[in-house]
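Here the structure is laid out as structure tokens; the discussion comes afterwards.
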Amino acid sequence: MSVSTSEPRHDLDDLLTLMAVLRDPQYGCPWDVRQRWDTIVPHTLEEAYEVADAIERCAYDELPGELGDLLFQVVFYSSIGAEEQRFDFHDVVDTLTAKMLRRHPHVFPDGTLASRRSGVSAEQLESSQVNTRWEALKAEERKAWRQAPAASQPARSSVLDDVPLALPALSRAAKLSKRAARVGFDWPDTSGVVAKLHEELGEIEEALDAGDIRHAADEIGDLLFAAVNLARKLGADPEDCLRGTNRRFEQRFRHVEQALACDGLTPGESSLERMDQLWCEAKQAAQLSWHNKEES
């Protein structure tokens, strides 16, 4: 991507100045001045999803703007933190840098930016060993955090304590099950998870036969949680799995709509049998395209 050099480029200090002016009670923007910790959270989640969406669509030319919107959220929280004399943006940067140095002893052996690993290239490092070390360091940090709780926080005692409540349900289920698995609460292989899926499906059918819709809904949640565990056992991210399914569903249903439009029909005017036939055609076409791509 080419960048115009006809005008001076803004830097981080400009962004921090911008945020300070936006939050100024006298000269700032009324909307920005009104915002508080909790009111920004929905915007932060939305901006994170827009980054993910741009990457999924390979819309890399949109990424600077989307990443900028996400960075703005960090600056916004930091501004509120500074106003309440809790922390500022520089504290965020310092905390992040110190944590990354601490978690990368295989890159910064002395825990400083100036130190460098010697003798082994990045390609020679086993990713599994790096991941194991990373998780061990995170576990040590969580243990220290639980043993020294903040005055306003209750003591922590569970391996599940700091899994964020605001995560999407599938992502949070994956993190919860991963934490439990680390301390031995897990199936030895995928066959146990598959059996659990069949068990949960049977319980859904029993609840439906009994007319207990609320119980059936609970069992659907259990089925989804079991599916998340299967994804974890396979090394797959459940959010990515479902996003892929959503994408395929959208592509195939659009094919159904377009094929019906050629006949002068809408889905509402068509039969289920005809739509199912067109759906199968779209699925087979996608599978053929995938096989051709793999062979090439």
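Search region 62-88 for residues being in a helix (DSSP H, G or I) and of a type in the set (Asp, Glu), and hand back the single one that is surrounded by the fewest Cβ atoms within 10 Å (Cβ to Cβ). Reasoning before the result, please.
Looking only at region 62-88, we keep the residues that are in a helix (DSSP H, G or I), and these are 62-83.
Retained after the next criterion (residues that are of a type in the set (Asp, Glu)): 62, 66, 69, 83.
Working: GLU62: 15, GLU66: 19, ASP69: 16, GLU83: 12.
Restricting to residues being in a helix (DSSP H, G or I) and of a type in the set (Asp, Glu), the top hit is GLU83.
Does region 6-59 hold any residues that are assigned to a helix (DSSP H, G or I) and of a type in the set (Asp, Glu), and which are they?
ASP13, ASP14, ASP32, ASP38, GLU46, GLU47, GLU50, ASP53, GLU56
Kindly evaluate GLN35 against the criterion of being closer than 24 Å to LEU167 by Cβ and of a type in the set (S, T, N, Q).
yes
Might you let me know whether region 52-72 holds any residue that is under 24 Å from GLU239 (Cα atoms) and of a type in the set (Lys, Arg)?
Yes, region 52-72 contains at least one residue that is under 24 Å from GLU239 (Cα atoms) and of a type in the set (Lys, Arg).
All but one of (1) more than 24 Å from the chain's Cα centre (by Cα); (2) modelled with pLDDT of 65 or more; (3) farther than 23 Å from LEU242 by Cβ hold for SER158; state the number of the condition that does not hold.
Unmet condition: (1).
Looking for something of a type in the set (Lys, Arg), surrounded by 13 or more Cβ atoms within 10 Å (Cβ to Cβ) and modelled with pLDDT of 90 or more - is there at least one such residue anywhere in region 35-51?
No, region 35-51 has no match at all.
Select, from LEU176, LEU242, the only residue that is within 30 Å of SER157 (Cβ to Cβ), aliphatic (A, V, I, L, M) and under 21 Å from the mean Cα position of the chain (by Cα).
On the way: LEU242 fails: within 30 Å of SER157 (Cβ to Cβ).
After ruling out the rest, the residue left standing is LEU176.
Is there any pair with a first residue in region 251-269 that is assigned by TED's automatic domain parsing to the domain that holds GLN287 and free of Cβ contacts under 8 Å to residues at least 60 places away in the same chain and a second that is outside any helix (DSSP H, G or I) and not β-branched (Val, Ile, Thr) whose Cβ atoms are under 6 Å apart and which are 6 or more apart or on different chains, and what are they?
Every condition considered, the pairs that remain are LEU260/SER270.
Does ALA227 meet the test of being of a type in the set (Gly, Ala, Ser), touching a Cys at 6+ places or on another chain (Cβ under 9 Å) and within 30 Å of PRO42 (Cα to Cα)?
Yes, satisfied.
If we scan region 93-101, do we find a residue that is of a type in the set (Gly, Ala, Ser) and either modelled with pLDDT under 90 or surrounded by 15 or more Cβ atoms within 10 Å (Cβ to Cβ) (or both)?
For region 93-101, residues of a type in the set (Gly, Ala, Ser) and either modelled with pLDDT under 90 or surrounded by 15 or more Cβ atoms within 10 Å (Cβ to Cβ) (or both): absent.
From LEU45, LEU22, which residue is outside the structural domain of GLY244 (by TED's automatic domain parsing) and within 29 Å of the chain's Cα centre (by Cα)?
LEU45
Determine whether ASP91 is more than 30 Å from ASP237 (Cβ to Cβ) and assigned to a helix (DSSP H, G or I).
In short, yes.
Restricting to region 163-184, and then to whatever is surrounded by 15 or more Cβ atoms within 10 Å (Cβ to Cβ) and of a type in the set (D, E, K, R), can you tell me which residue is nearest to ILE220 (Cα to Cα)?
Only one residue fits best here, namely ARG172.
Check whether at least one residue in region 23-36 is of a type outside the set (Val, Ile, Thr) and under 30 Å from ASP240 (Cα atoms), and report yes or no.
No: zero hits.
The values are calculated or read from the model by the stated rules, or taken from the named source; none is laboratory data. Predicted, not measured: the structure shown is a model, and the values here were computed from it. Cβ sites come from the backbone with ideal geometry, for glycine too, and all protein chains shown count toward neighbours.
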